[in-house]
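Data first, discussion second: the structure below is written as C-alpha cells.
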Amino acid sequence: MMRIAVLGSTGSVGTQTLEVVERFPDEIDLVALVARRSSDRLLEQAVKFRPKIVVSYEEPDKDWISSLPDGTEYMKGDEGLMAAISLADRVMNAVSGVSGIKPAYYTLKEGKTLLASNKESLICLGDMVRKSRNRIIPVDSEHNALFQILEKVNRAEVRTVYLTASGGPFRNWTLEEMRTATKDQALNHPRWNMGAKITVDSATLMNKGFEMLEAVNLFDLDLDTVKVIIHPQSVVHGIVELVDGTFIMHTSATDMRVPILYALFYPERKASPFGRSDLVSLSPIEFEPVDQEKFRALYLARWVGEMGGAYVPVLVGADEEAVNLFLDEKIGFLDIVDLIERTLSEVNIPDPETVDDILDAVEWARRKVNEIYEREYAGRL
C-alpha cells in the first residue's frame, strides 16, 4: 500500500487530493496531514481519514487536540513536517506560495517522491529540482500534461513546448480598461476556482511566467523553446511541437483531480472514478497569441530566467508582496507588475547558495516592494 502525506491539505489542491485518496482506500494509506492553521477543516479531515499524524503551524487548543481520533498524533511546525515526510513514500506539496519552498526542499533532501503542486519551490530550488527530476511528478495541469507528452517523444525531435493560458478575466480588456480593474474583477477567473493569490497571478499571467521557469527546471529545456499561448477553453493543458511540424496535445476536462490521480499512481494509469468527458463537450478549441503589451509579466519572468541567481527568488517574493498590496486595495492592478519590475531593477544581493539564502532573498524582495510602495505609491488610490 502506498503511503501518502498531504502538505497543505486544507487548500484547493489539498482538498481535491483527499477526494482522490478517498476513492482508493485499499491502495493509499494517508499517513499525514499538514496545514498552516489548526482549523475546523483540518480537524474534520483528521477525523475522516485518521492519519498517523496531523500537523499545524498554529498551536491548537486542548479541545481541538482531544477531538483527534485514536491513533492520530498531533505535532507542531517543522518537527511535524519532517515527521510527516519521513512516514510517506510520496509527498503531495500543495502548500501555497513561498511557504511551499521548505517542504519541497525537505522532501527531496529525504529522498522521497515529490508530487509537486507548488510553483515557487520548483522555481527557487532550481539546482535541486534539476538534480532530482526522477523523483518529481508535477501536479499542476500544465506540467503534468508536458510530463506525460515528453515521456513519449524523442527529445531530440522537440522544437517548441507550449504552456496554455486561459487569458484570465482580462483577456478581452484593453490596457486602459485594465488600469481601473478592481480586486473583485481580478478574482473572477473564467475557468478555475483557486486561491486569491494564484487567481491574481492568472490575471497578470505571472503564473505562466512562473510556469515557463518551472518547465525549464523540470524538463531540462532551453528557455527559448518554452512558449505561452492563450487557450480560453482551458482543456488543452500542454502542447509539444516536433521538428516535422506535428503538434501533440494533452487534453482533459478542467478538473484538477485528473492530474492529481495521475501523479498519485504514476506510472500506473488508473480509471477515473469521477466520470468521463466526451470530445464534443470539450469543443470548440481555440488558440490566440499573448498580447505582450498587456501581459508584461511574461517578459519579466523570461528576463529573470535568463539572469538567474538572486533574481529568481526576488521575482517570487516581489510578486507575492505586490499581489498582497493589490488584494489590500493599496495599489492598482497594473501597479503589480510595475512594482515587481522596479524591485528587480534594484537587486543588489548575492546569489543564494542555500535554502535559507533563498528565503532571505524572498524576504529582501518583500521589504523592497514595501519600501518602493511607501516611497512612490502610497496614497495614490
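The values are calculated or read from the model by the stated rules, or taken from the named source; none is laboratory data. Computed from a prediction, not measured in an experiment: that's the story for all the values here. Cβ coordinates were reconstructed from backbone atoms using ideal geometry, including for glycine residues, and neighbour counts include every protein chain displayed.
Points worth noting:
- Taking the criterion of being surrounded by 18 or more Cβ atoms within 10 Å (Cβ to Cβ) and not hydroxyl-bearing (Ser, Thr, Tyr), the residues of the range 343-363 that qualify are Leu344, Val347, Pro352, Val355, Ile358, Leu359, Ala361, Val362.
- Residues that are buried (at least 17 other Cβ atoms within 10 Å of the Cβ) and either in contact with a helix residue (DSSP H, G or I) (Cβ under 6 Å, 6 or more places away or on another chain) or outside any helix (DSSP H, G or I) (or both), drawn from the range 4-23: Ile4, Ala5, Val6, Leu7, Gly8, Ser9, Thr10, Gly11, Gln16, Thr17, Val20
- Residues (touching a strand residue (DSSP E or B) at 6+ places or on another chain (Cβ under 8 Å), farther than 30 Å from Val323 by Cβ and among the small types (Gly, Ala, Ser)) located in the range 64-100: Ala83, Ala88
- Boolean, Ser38 is on the phi < 0 side of the Ramachandran plot, small (Gly, Ala, Ser) and at pLDDT below 95: yes
- Qualifying positions in the range 156-185 - touching a residue at least 12 places away in the same chain (Cβ under 8 Å), closer than 26 Å to Leu213 by Cα and in a helix (DSSP H, G or I): Glu157, Gly168, Pro169, Phe170, Leu175, Met178
- Of the numbered criteria (1) modelled with pLDDT of 95 or more; (2) surrounded by 23 or more Cβ atoms within 10 Å (Cβ to Cβ), the one Gln148 fails is (2).
- For the range 45-56, the criterion of being more than 26 Å from the chain's Cα centre (by Cα), at negative phi and small (Gly, Ala, Ser) is met by none of the residues.
- Unmet requirement for Asp278, which otherwise passes all of (1) free of Cβ contacts under 8 Å to residues at least 24 places away in the same chain; (2) more than 25 Å from His189 (Cα to Cα): (2)
- Residues that are among the polar types (S, T, N, Q), closer than 25 Å to Gly305 by Cα and modelled with pLDDT under 95, drawn from the range 169-206: Thr199, Ser202
- Considered as a group, the residues in the range 200-245 that are more than 13 Å from the chain's Cα centre (by Cα) and acidic (Asp, Glu) include one that is surrounded by the most Cβ atoms within 10 Å (Cβ to Cβ), and that residue is Glu241.
- The listed residues are Leu282, Leu298, Leu315, Leu325, and the only one of them that is crowded, with 19+ Cβ neighbours inside 10 Å and touching a strand residue (DSSP E or B) at 6+ places or on another chain (Cβ under 8 Å) turns out to be Leu298.
- Flag if Ile198 is touching a Pro at 6+ places or on another chain (Cβ under 8 Å), closer than 20 Å to Phe333 by Cβ and β-branched (Val, Ile, Thr): no
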